[in-house]
Amino acid sequence: GKIDLQKPIQDYLPEFRIKTPIPIHSILTHSSGLQDYSEMALLARGREEASSFSSKETLELIYQQTTLSFEPTTGENYSNSNFAILAKLVERVSNQKFTDYVREHFFTHLNINSDEIQFINNVTASNPNNAVGYPNRNKGESDFIPDTKSDENVLYGAGGLRANVFGL
C-alpha cells in the first residue's frame, strides 16, 4: 500500500512541530500520545469559544503540539486528534479531498447515495431540516440552545458525517 504503518506520521505530514516520531499504527490504536483537539481548544479559548475554531485552526492546534500526553505506544488514550490526522493522511497520500475519497472508495461500493449519507459543511449545516445537538452551555435546566457552530467548523475524520436510517 501507499502507507507504511510503522513509519512516523511526520514522514507524511511534516507540518508537525513535535519531533518525537509518532508511528501511524499508534494513531490507529489511540496510543499516539496526541492530545485531543477539543481539550486544547477549551484551554486556548474557554468553554464558550472552543467551538469557534475553524477546521484549519484546529489542525494547527494539533500540528503545533510540542509535547505528547505520553510516549507513543506506551499508553492509550482516546483522542479525536487521531481521526483528524488520519483524514489528513488519506488526503495527502491519495491527492483527493477526504470527502471525495470516502465517497469514491467506500460509499459508492456500498451502493449508498448522497441522499442517505451527507458530509457536513457550511451548506448542509445551514439546512433548517437537519437535526442539531442542544448542548447545555450554562448547566442550567433551561440553558439548552441549538449548537449551530459545531457543524460549521467540522473537522473530517473525527466527525462531519450525517446519515439517515435508510443509508445505514
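The values are calculated or read from the model by the stated rules, or taken from the named source; none is laboratory data. Predicted model only: the values in this text are computed from it and were never measured. Cβ atoms come from the backbone with ideal geometry, glycine included; neighbour counts cover every protein chain shown. For the accessible areas, the whole protein counts, side chains as well, though only heavy atoms, and no ligand, DNA or RNA atoms are used. Shrake-Rupley method; radii C 1.70, N 1.55, O 1.52, S 1.80 Å.
The table below gives the values:
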read-out: Any hit, region 41-63, residues being among the β-branched types (Val, Ile, Thr), surrounded by fewer than 18 Cβ atoms within 10 Å (Cβ to Cβ) and without any contact (Cβ under 8 Å) to a residue 60 or more places away in the chain; value: no
read-out: Qualifying residue in region 37-51 (condition: hydrophobic (A, V, I, L, M, F, W, C) and at pLDDT 90 or above); value: no
read-out: Residue count for region 1-16, restricted to those that are open to solvent by 90 Å² or more (accessible area, probe 1.4 Å), touching a helix residue (DSSP H, G or I) at 6+ places or on another chain (Cβ under 6 Å) and under 17 Å from residue 84 (Cα atoms); value: 0
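For every residue, the table says whether it meets (1) of a type in the set (Val, Ile, Thr); (2) modelled with pLDDT under 60; (3) exposed (fewer than 15 other Cβ atoms within 10 Å of the Cβ); (4) at positive phi.
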site	(1), (2), (3), (4)
89	no, no, no, no
97	no, no, yes, no
121	no, no, no, no
136	no, yes, yes, no
158	no, no, no, no
